[in-house]
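J.: I have a structure here, written as structure tokens, and I will follow up with some questions on it.
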Amino acid sequence: MRSAGDGSARRLARVGLLIALAGVLQVLEASVPSPAPWFRLGLSNALVLVALERWGVREGAMVAAGKVLLGALLTGRLLSPGFFLAVSGTGAALVVMAAAVRLPGILGYAGIGALGAQAHAVAQLAAAAVLLGTPAVWGLLPVMGTLAVVAGCFTGAAAAAVAALVPEPGLTPPPRAGTG
């Protein structure tokens with residue numbers, strides 16, 4: 001017999017694991033050279049997308065918030081301008097991906113990832129314009145938008161790979177070999 005707390009404990013463990021993995025991905029990405037100082041693939045957003053698709057907006061939002069906070073703590077950027085750019089971008093990506101996940105089978109992971117990356121880029125430019133007090137940053141939109149589509153497709157492909165390893169809600173994973 002399952003106790004009332006089992007679902008909450010599972011949810012907490014699942015979200016915690018996804019946040020930890022996202023934090024590791026953020027640290028790894030921060031250490032890899034990129035074509036522009038402000039550009040990253042954003043692979044940690046794949047875990048947000050999987051959480052949204054498998055378990056809903058609540059889990060997706062927890063993973064998104066946790067990954068931003070943990071990533072900032074691990075990279076030493078908590079409350080820096082980069083932190084606020086990450087919060088704005090991740091928040092916008094979360095909203096757009098949560099809406100897109102509800103479209104039945106139209107976009108797939110790559111399409112949803114690309115939309116989320118676009119929202120992330122636009123929100124970061126808006127936040128940068130406010131933080132810097134100039135609209136000049138919008139000149140980066142064509143480059144950021146193009147890179148966001150490519151990055152979002154990679155993120156979507158990563159999300160599809162992770163989702164293939166994660167059982168559908170309500171399904172029991174198959175037993176491992178030798179555990180009968």
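The values are calculated or read from the model by the stated rules, or taken from the named source; none is laboratory data. What you see is a predicted model, and the numbers here were worked out from it, not measured in a lab. Cβ: placed from backbone, ideal geometry, glycine included. Neighbour counts: every protein chain shown.
J.: Just a yes or no: is a residue in the range 33-48 under 21 Å from L18 (Cβ atoms), buried (at least 16 other Cβ atoms within 10 Å of the Cβ) and touching a His at 6+ places or on another chain (Cβ under 9 Å)?
T.: So the first thing to find is which residues in the range 33-48 are under 21 Å from L18 (Cβ atoms), and the list is 40-48.
Subset that is buried (at least 16 other Cβ atoms within 10 Å of the Cβ): 40-48.
Filter once more, keeping what is touching a His at 6+ places or on another chain (Cβ under 9 Å): 42, 45.
Among the residues of the range 33-48, at least one is under 21 Å from L18 (Cβ atoms), buried (at least 16 other Cβ atoms within 10 Å of the Cβ) and touching a His at 6+ places or on another chain (Cβ under 9 Å), which makes the answer yes.
J.: Taking into account only those residues within the range 15-66 that are touching a residue at least 12 places away in the same chain (Cβ under 8 Å) and of a type in the set (S, T, N, Q), which is nearest to A98 (Cα to Cα)?
T.: N45
J.: Could you list, in sequence order, all residues of the range 133-177 that are at pLDDT 85 or above and in a loop (DSSP other than H, G, I, E, B)?
T.: Selection gives G133, T134.
J.: Would you check if A127 is part of a helix (DSSP H, G or I), at pLDDT 90 or above, surrounded by 20 or more Cβ atoms within 10 Å (Cβ to Cβ) and more than 13 Å from the chain's Cα centre (by Cα)?
T.: Considered against the rule, which asks whether it is part of a helix (DSSP H, G or I), at pLDDT 90 or above, surrounded by 20 or more Cβ atoms within 10 Å (Cβ to Cβ) and more than 13 Å from the chain's Cα centre (by Cα), A127 comes out as yes.
J.: Just for the range 80-115: of the residues that are within 13 Å of the chain's Cα centre (by Cα), closer than 18 Å to K67 by Cβ and of a type in the set (G, A, S), which one is surrounded by the most Cβ atoms within 10 Å (Cβ to Cβ)?
T.: Top of the filtered list is G113.
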